[in-house]
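A short write-up of the structure that comes next.
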Amino acid sequence: SRVRNDVYAEKVAGQARKLLAAGVPAKNITVAGHSKGGMITMLVMSMLANPEIAYVNFAGCGREGSGFEGYLQFAQNRASMARGQLLSAYDRTDQIAGSCRAALDKMSQAVVTERVLNIGGGHELFYTPKAEWIDILQAWAESRQQ
């Protein structure tokens, strides 16, 4: 909670800009995060506005009443600036995070996929690698290469 989303998002966006300046193709860059990191990922998506960069948001949009609904401000103020390809996913049993629909609906210049997982584990699902969600991530990444 001590990390300001906008400050950290600018840091990550700067790192991606350095990769681009060094000649790394945008299609080879993926920015990913879980929980607050997922929200920061979407901010970076709006800052870079590069249609070839990929983004992954795992459980980064707070459910109503969770105290973590900051993504609604993003939806209102920045989501329309987002460009790129986004995979957003959360587990149905998560009591903290849920759908990013309010933001995703405003990302008209981005390719977005939202997945509701039925794996169990709630918000902690993404704390450790599990084949169930890694397989989804891999399939999404491979579909981008087509």
>> Below 8 Å between Cα atoms, with a sequence gap of 6+, how large is the relative contact order for the range 70-123 in percent?
In response: 47
> Extension gain residue 116-residue 99, at 0.36 nm per residue separation less the Cα-Cα distance, in nm?
Replying inline: 5.3 nm
> How much accessible surface area, in Å² rounded to 10, belongs to the heavy atoms of residue 68 with a 1.4 Å probe?
Replying inline: 130
>> Just want the answer: with Cβ charges of +1 for Lys and Arg and -1 for Asp and Glu, which residue in 113, 134, 41 is farthest toward the dipole's positive end in the chain?
In response: 41
> Which percentage, to the nearest 5, of the DSSP beta bridges contained in the chain is antiparallel?
Replying inline: 5
> So what is the relative contact order of the chain, in percent, for Cα pairs below 8 Å that sit 6 or more residues apart?
Replying inline: 19
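Give me the 1.4 Å probe accessible area per residue for the chain, excluding ligands and nucleic acids, in Å².
I get 54 Å² per residue for the chain.
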>> Can you show me the helix-derived [θ] at 222 nm for the chain, built from DSSP H runs with n ≥ 4 at -39,500 (n - 2.57) apiece and divided by the number of residues, rounded to the nearest 500.
In response: -11500 deg cm²/dmol
> What FRET efficiency, computed as 1/(1 + (r/R0)^6) with R0 = 25 Å and r the Cβ-Cβ distance, is obtained for residue 49 and residue 69, rounded to the nearest 0.05?
Replying inline: 0.55
> Can you give the net charge of the other residues whose Cβ lies under 13 Å from the Cβ of residue 40, counting K and R as +1 and D and E as -1?
Replying inline: +2
> Extension gain residue 22-residue 128, at 0.36 nm per residue separation less the Cα-Cα distance, in nm?
Replying inline: 35.0 nm
> Which listed residue (26, 85, 59) has the Cα farthest towards the positive end of the charge dipole for the chain, taking +1 on Lys and Arg C-beta and -1 on Asp and Glu C-beta about the Cα centre?
Replying inline: 26
> Of 27/130; 36/106; 11/36, which sit over 22 Å apart, Cα to Cα?
Replying inline: 27/130
> Quick one: with all protein chains in place, what share of the accessible area of the chain is carbon or sulfur, to the nearest percent (1.4 Å probe)?
Replying inline: 51
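The values are calculated or read from the model by the stated rules, or taken from the named source; none is laboratory data. Since this is a predicted model, take the numbers as computed values, not measurements. Please note: Cβ atoms are built from the backbone with ideal geometry, for glycine as well, and neighbour counts cover all protein chains shown. All accessible areas refer to the heavy atoms of the entire protein, side chains included, with ligands and DNA or RNA removed. Shrake-Rupley method; radii C 1.70, N 1.55, O 1.52, S 1.80 Å.
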